[in-house]
Each structure stands twice: as structure tokens, then as C-alpha cells.
1. Among the residues of the stretch 81-116, how many are within 17 Å of H62 (Cβ to Cβ) and among the aromatic types (F, W, Y)?
2. Have a look at V104, V74 and point out the one that is free of Cβ contacts under 8 Å to residues at least 60 places away in the same chain, crowded, with 20+ Cβ neighbours inside 10 Å, under 18 Å from the mean Cα position of the chain (by Cα) and part of a strand (DSSP E or B).
3. So I65 passes all but one of these: (1) farther than 23 Å from L87 by Cα; (2) in contact with a Leu (Cβ under 6 Å, 6 or more places away or on another chain). Which condition number does it fail?
4. Look at the stretch 21-71 and say how many of its residues are assigned to a strand (DSSP E or B), of a type in the set (A, V, I, L, M) and either over 13 Å from the mean Cα position of the chain (by Cα) or under 13 Å from D7 (Cα atoms) (or both).
5. Residues of the stretch 82-105 being in contact with a Gly (Cβ under 6 Å, 6 or more places away or on another chain) and among the hydroxyl-bearing types (S, T, Y), which ones?
6. Would you check if Q48 is free of Cβ contacts under 8 Å to residues at least 12 places away in the same chain, of a type in the set (S, T, N, Q) and either surrounded by fewer than 17 Cβ atoms within 10 Å (Cβ to Cβ) or under 17 Å from F118 (Cα atoms) (or both)?
7. Restricting the search to the stretch 1-20, which residues are farther than 24 Å from I121 by Cβ and acidic (D, E)?
8. Pull up the stretch 82-101, narrow it to residues that are aliphatic (A, V, I, L, M) and not in a strand (DSSP E or B), then point me to the one that is nearest to S11 (Cα to Cα).
Amino acid sequence: MPLILADEFASRSYELPTDLVRGELQVWSPSGMLKGLICTNVGCSVLQFVEDHNLGTAASNHTYILTGTNPDTVRGADLLYISYQKLPRDQITDDILRVAPEVVIEVENPPDRWLDFFEKIVDFFCDSVFRS
């Protein structure tokens with residue numbers, strides 16, 4: 001089966017949270033109430049802080065970030081912060097984020113495998129190191 005490219009991945013819809021990992025789909029378990037509460041509470045605090053200080057913006061809910069190419073990897077972040085310096089307010093779109101955010105927060109979802117969760121964290125970290 002041919003590898004999927006980031007733009008093709010973004011043009012599709014998925015019933016469950018799905019990432020593109022080195023050209024292949026990786027499906028995640030649906031989030032439970034506890035993960036939703038944690039994401040909401042942390043996300044609201046981060047957003048309030050960055051808006052109060054006009055630093056940038058925060059996003060949540062599996063926001064897609066391109067974390068690698070050849071083959072493409074697109075990861076969905078539970079929460080992220082990105083400065084207006086990296087992504088000016090007038091350049092925010094509904095496309096895959098192609099610049100590394102300053103902060104990515106992932107909340108573990110117990111049904112998911114720990115190794116998959118850890119690999120996702122490594123992808124976010126490597127992306128921020130090599131593209132910052």
C-alpha cells in the first residue's frame with residue numbers, strides 16, 4: 001500500500017482520532033471524560049495566560065502538526081501554544097500547522113498503548129528541536 005502524504009491525510013475525515021505516522025494511519029482510542037476535563041482545565045489556563053500577555057494563541061482537540069517528512073508524519077496535539085512571532089494572528093488557518101509550536105501538551109489516554117504515546121511525544125520533541 002502506498003504511503004499517504006500530509007495533504008492527502010488532511011483532506012480526509014476520520015471517525016476516531018487519527019495521526020499520520022511515517023505515511024501510515026495510526027488510530028487512537030476515543031478520549032474519556034477525565035482526559036477531556038484535564039485538557040479543558042489546562043487549555044483554559046494556558047489560553048488565558050497567553051492572551052492576557054498578548055503572546056500568541058493556544059489550540060486543542062487534536063490540532064494537527066506536521067512533525068516529519070519523507071515519509072510524512074502529522075500528529076494531533078491535545079494542547080499547544082504557539083507565539084504570534086512564529087505564527088502571526090492573520091496567518092492562522094484550518095490547515096495542518098507547519099511550524100513547530102513552543103509548547104505541546106499531551107494527556108495520556110489509558111486505553112492507548114504506552115509505547116505509541118511515548119513515540120508521539122518523541123515526534124513532537126524532535127520536531128521542535130530540528131525546526132526551531
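1. Total satisfying the criteria: 1.
2. On the way: V74 fails: free of Cβ contacts under 8 Å to residues at least 60 places away in the same chain.
None of the others qualify; the one that does is V104.
3. Here I65 clears every test but (1).
4. Here is the first cut: in the stretch 21-71, the ones assigned to a strand (DSSP E or B) are 21, 24-27, 56-68.
Applying the additional criterion that residues be of a type in the set (A, V, I, L, M) yields 21, 25, 27, 58-59, 65-66.
Within this subset, residues satisfying the condition of being either over 13 Å from the mean Cα position of the chain (by Cα) or under 13 Å from D7 (Cα atoms) (or both) are 25, 27, 65-66.
Summing the residues that are assigned to a strand (DSSP E or B), of a type in the set (A, V, I, L, M) and either over 13 Å from the mean Cα position of the chain (by Cα) or under 13 Å from D7 (Cα atoms) (or both) in the stretch 21-71 gives 4.
5. Of all residues in the stretch 82-105, those in contact with a Gly (Cβ under 6 Å, 6 or more places away or on another chain) come to 82-84.
If the condition is that a residue be in contact with a Gly (Cβ under 6 Å, 6 or more places away or on another chain) and among the hydroxyl-bearing types (S, T, Y), then S83, Y84 are the ones that fit.
6. On the way: free of Cβ contacts under 8 Å to residues at least 12 places away in the same chain: yes; of a type in the set (S, T, N, Q): yes; either surrounded by fewer than 17 Cβ atoms within 10 Å (Cβ to Cβ) or under 17 Å from F118 (Cα atoms) (or both): yes.
Yes, satisfied.
7. Step one: list which residues in the stretch 1-20 are farther than 24 Å from I121 by Cβ, which gives 1-2, 7-8, 11-13, 15.
Result: D7, E8, E15.
8. Of the stretch 82-101, the ones aliphatic (A, V, I, L, M) are 82, 87, 92, 96-97, 99-100.
So of that shortlist, the ones also not in a strand (DSSP E or B) come out as 87, 92, 96, 99-100.
Values: L87: 22, I92: 18, I96: 10, V99: 19, A100: 21 Å.
Among those residues, the one meeting the criterion is I96.
Coordinate-derived values only; no laboratory data. Owing to the predicted nature of the structure, the values given are computational and were not obtained by experimental measurement. As a convention, Cβ positions derive from the backbone with ideal geometry for all residues, glycine included, and neighbour counts pool all protein chains shown.
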